[in-house]
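Data first, discussion second: the structure below is written as structure tokens.
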Amino acid sequence: MVGKRVVSKVNNLRFYDTPSWQDKDVAGSVDTGLGFTIDVKIMVDGSPQYKVHNSKGKTYYVTANEAFVYVK
């Protein structure tokens, strides 16, 4: 997983500044086909997220639910 990309299957997939599902922690959203490089898979309140980074090295958190994302 580490070093691979997590890619959105849906439009307006939210990603977060912290390991959270809270609206207040939403950093932005990505559309279908866009994604991030995976650092590690974590559990947040019983659901999986990937800690990821973008091309500029900024860290974010995004769902690891396969209904919404895939890894390539």
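Please treat every number below as a calculation from the coordinates, not as lab data. If you're wondering where the values come from, they're calculated on a predicted model, not measured in any experiment. Cβ atoms come from the backbone with ideal geometry, glycine included; neighbour counts cover every protein chain shown.
Can you check what the net charge comes to around Gly35, using other residues whose Cβ is under 12 Å from the Cβ of Gly35 (Lys, Arg +1; Asp, Glu -1)?
Summing Lys and Arg as +1 and Asp and Glu as -1 gives +3.
What shape does the chain have by the C-alpha gyration tensor, where a ≥ b ≥ c are the square roots of the eigenvalues, rounded means a/c under 1.5, and otherwise prolate means a/b greater than b/c and oblate the rest?
Verdict is rounded for the chain.
Spin-label point model (7 Å from Cα, Cβ direction): what's the Thr18 to Lys4 distance in nm?
3.0
How about Lys9: which lysines have a C-alpha closer than 16 Å to its C-alpha, ignoring those fewer than 8 places off in the same chain?
Lys72
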